[in-house]
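What follows is one structure encoded as structure tokens, with my remarks underneath.
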Amino acid sequence: MGIISKIIDKMDVSNLCFKKKQKTKKSILKEVIDNPEKFKLEAIIEGEEIKITIKRREES
């Protein structure tokens with residue numbers, strides 16, 4: 001423990017900085033809420049079920 005204490009004492013903690021780990025992938029639902037014009041929604045009724053599909057609009 002004495003060696004670790006000596007190393008920590010010599011460290012300059014004023015220059016330490018920690019990076020927040022950023023999420024690289026957003027939820028598709030969050031993207032739809034943020035930019036609904038970039039998506040198209042298709043709904044199909046089949047018997048007793050409603051099937052909903054959300055797709056990105058093709059860039060033109």
With a point put 7 Å past each Cα toward its Cβ, work out how far I52 is from N15 in nm, to one decimal. 5.4 nm
List the lysines whose Cα lies under 25 Å from the Cα of K26, skipping any in the same chain that are fewer than 8 positions away. K38, K40, K51, K55
Under 8 Å for C-alpha pairs, at least 6 residues apart: give me the relative contact order for the chain, rounded to a whole percent. 20 percent
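What is the local net charge at K40, summed over the other residues whose Cβ is closer than 14 Å to its Cβ (Lys, Arg +1; Asp, Glu -1)? Provide the component values of the computation, followed by the final result.
Values: positive: K38, K55, R56, R57; negative: E31, E37, E42, E58, E59.
Every neighbour counted, the sum reads -1.
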Tail beyond 19 Å, pair distance distribution of the chain (Cα, percent): 64 percent
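Here, each number is a calculation from the coordinates, and none is a lab measurement. Model, not experiment: these values are computed from the prediction. In this analysis, Cβ positions are derived from the backbone assuming ideal geometry, glycine residues included, and neighbour counts consider all displayed protein chains.
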